[in-house]
Ligand SMILES: CC(C)(COP(=O)(O)OP(=O)(O)OC[C@H]1O[C@@H](n2cnc3c(N)ncnc32)[C@H](O)[C@@H]1OP(=O)(O)O)[C@@H](O)C(=O)NCCC(=O)NCCS
């Protein structure tokens, strides 16, 4: 599976997927061209099977919409799409209170409910606001993943990531300024 930034030629396939979106389908995909929005598509064997639209806000990245082809669900595509848009700012989203499948999905990948907005949707339904505070795309050092591992601050975590790619733990240890460890 590949995940790439969408171009205009991806839009027909995104709109086709959109037909089975629960709730209000996306009529006009022009927002993907806004400078503060990014649309990514996932493909397997050339076929588009998912998308995620992100709004880059000053303090967070907000998932506007995401969708996986009903025939390709529960195989890790949704999680991969979210992982793809993680950065060093929190990730947020709003989801319909009735969309228990999506709420379970977001809970299982690390989001927590942060607020409830009554009457958020046009039909009067409320929204669950969900947040992933620490969405940094790094290894889980100091989070119990490794016994005796040093606790690494967010600043230090950033050093582990070079152009979005993780360095090996060995490389990381060699380059880490150990005196700055707390
Ligand atoms: C929500 C959605 C994007 C999930 O995509 P997906 O590719 O099926 O999710 P994944 O396969 O990556 O699942 C990741 C985890 O979430 C869990 N999960 C996914 N869908 C779930 C569901 N409906 N109920 C319970 N858990 C679910 C998976 O079991 C998996 O857990 P695991 O890692 O412990 O095995 C997909 O169901 C979808 O497109 N729904 C319709 C559109 C929608 O509601 N979008 C969200 C609102 S914007």
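Worth a mention:
- Yes/no for residue 35 being in a loop (DSSP other than H, G, I, E, B) and within 14 Å of the ligand (Cβ to nearest atom): no
- For region 76-85, the condition holds for no residue, the condition being that it is more than 7 Å from the ligand (Cβ to nearest atom), surrounded by fewer than 19 Cβ atoms within 10 Å (Cβ to Cβ), assigned by TED's automatic domain parsing to the domain that holds residue 21 and in a loop (DSSP other than H, G, I, E, B).
- Some residue of region 41-57 being over 16 Å from the mean Cα position of the chain (by Cα), part of a strand (DSSP E or B) and either surrounded by fewer than 15 Cβ atoms within 10 Å (Cβ to Cβ) or more than 16 Å from the ligand (Cβ to nearest atom) (or both): yes
- Test: residue in region 128-143 that is surrounded by 18 or more Cβ atoms within 10 Å (Cβ to Cβ), over 29 Å from residue 7 (Cβ atoms), within 8 Å of the ligand (Cβ to nearest atom) and assigned by TED's automatic domain parsing to the domain that holds residue 12: no
- Residue check, residue 110 within 7 Å of the ligand (Cβ to nearest atom) and at pLDDT 95 or above: no
The values are calculated or read from the model by the stated rules, or taken from the named source; none is laboratory data. In this text, all values refer to a predicted model and were calculated from it rather than measured experimentally. Neighbour counts run over all protein chains shown; Cβ positions are idealised from the backbone, glycine included.
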